[in-house]
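S.K.: Got a structure here, written out as structure tokens. Questions coming.
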Amino acid sequence: QDLLESRIRTFVRRRGKEGLNNACGLLLHWPSMEIRALAGSADFRNIRIQGEVDGTRAPRSPGSTLKPFIYALALDQGLIHPRTLLYDTPQNFRGYEPDNADQRFRGPIPAADALLVSRNIPAISLANRLARPDLYEFLQKAHLNLPKKREEYGLSLVLGGAETSPRRLAALYALLANQGVWKEPVLFRTGASARERSGAAD
């Protein structure tokens, strides 16, 4: 717990010039699914950043953090292997013309590298090719709250179009280590789950 809080304070201090003044984090032990450390803010006593608010329960855009699951689904469905060449080039997906964060394109790039450097276009292209389950169905089965229909999210789901909490996201990543088996995070060793302790869905 001390180490997590220290790392968060250091992170916020280093990024302060960029306007960042708060952060949250948790440490999930995937074999037991115990949350071993949790910090809802950078400073619990700081009123200016609403430090008493637990950011690990707050829904927010996950950004690019869902991309590994697109590649995992594509591998599982036989669409790619790690060295399959994907195309990081301008593309139009039924009127949707996404860009990369750096406004640049790298051309042909192996799938493993595309994921490593988080290129948007290859990930969206793969998501567009997924069969059952697609990303939307996978996230539903993985207990992420998706209140809208698939069509309302579209391919924007790839780049964080649906909000989720850091607690839900940590549990989702634990699926990779748990060979695809969903397990509820446990906040206390009494056996009560994080969802039960919070009294509501994250």
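S.K.: Filtering the range 21-35 down to residues that are in a strand (DSSP E or B) and farther than 19 Å from E52 by Cβ, which residue is most open to solvent (accessible area, probe 1.4 Å)?
M.R.: Looking at residues that are in a strand (DSSP E or B) and farther than 19 Å from E52 by Cβ, I get L27.
S.K.: Could you please let me know if L86 is assigned to a loop (DSSP other than H, G, I, E, B), more than 23 Å from T164 (Cβ to Cβ) and touching a residue at least 24 places away in the same chain (Cβ under 8 Å)?
M.R.: No.
Conditions (1) modelled with pLDDT of 95 or more; (2) in contact with a His (Cβ under 6 Å, 6 or more places away or on another chain); (3) crowded, with 17+ Cβ neighbours inside 10 Å; (4) among the basic types (K, R), marked per residue:
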position	(1), (2), (3), (4)
D2	yes, no, no, no
R7	yes, no, no, yes
T10	yes, no, no, no
G16	no, no, no, no
G19	no, no, no, no
S41	yes, no, yes, no
T56	yes, no, yes, no
P59	no, no, no, no
I70	yes, no, yes, no
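S.K.: Take the range 118-155 and flag every residue that is in a helix (DSSP H, G or I), open to solvent by less than 50 Å² (accessible area, probe 1.4 Å) and without any contact (Cβ under 8 Å) to a residue 60 or more places away in the chain.
M.R.: Hits for the range 118-155 are N120, I121, P122, A123, I124, S125, L126, A127, Y136, E137, Y153, G154.
S.K.: Among (1) out of contact with any strand residue (DSSP E or B) (no Cβ under 6 Å at 6 or more places or on another chain); (2) among the β-branched types (V, I, T); (3) without any contact (Cβ under 8 Å) to a residue 60 or more places away in the chain, which single condition is I70 missing?
M.R.: Condition not satisfied by I70: (3).
S.K.: For the condition surrounded by 14 or more Cβ atoms within 10 Å (Cβ to Cβ), hydrophobic (A, V, I, L, M, F, W, C), assigned to a loop (DSSP other than H, G, I, E, B) and modelled with pLDDT of 95 or more, what is the one hit in L115, L79?
M.R.: Going through L115, L79 in turn, the sole match is L79.
S.K.: Regarding S64, is this residue touching an Asp or Glu at 6+ places or on another chain (Cβ under 9 Å), part of a loop (DSSP other than H, G, I, E, B), open to solvent by less than 70 Å² (accessible area, probe 1.4 Å) and of a type in the set (S, T, Y)?
M.R.: The answer is no for S64.
S.K.: Can I49 be described as in contact with a Lys or Arg (Cβ under 9 Å, 6 or more places away or on another chain), of a type in the set (A, V, I, L, M, F, W, C) and open to solvent by less than 30 Å² (accessible area, probe 1.4 Å)?
M.R.: Against the criterion (in contact with a Lys or Arg (Cβ under 9 Å, 6 or more places away or on another chain), of a type in the set (A, V, I, L, M, F, W, C) and open to solvent by less than 30 Å² (accessible area, probe 1.4 Å)), I49 does not qualify.
S.K.: Would you call Q91 polar (S, T, N, Q), closer than 29 Å to P31 by Cα, free of Cβ contacts under 8 Å to residues at least 40 places away in the same chain and open to solvent by 20 Å² or more (accessible area, probe 1.4 Å)?
M.R.: no
S.K.: Looking at G40, G19, G51, which one is without any contact (Cβ under 8 Å) to a residue 24 or more places away in the chain and farther than 21 Å from A174 by Cα?
M.R.: Sole residue among the options that is without any contact (Cβ under 8 Å) to a residue 24 or more places away in the chain and farther than 21 Å from A174 by Cα: G19.
The values are calculated or read from the model by the stated rules, or taken from the named source; none is laboratory data. These figures come from a predicted structure and were not determined experimentally. Note that we place each Cβ from the backbone using ideal geometry, even for glycine, and neighbour counts take in every protein chain shown. The accessibility values were calculated without ligands, DNA or RNA, using every heavy atom of the protein model including side chains. Shrake-Rupley method; radii C 1.70, N 1.55, O 1.52, S 1.80 Å.
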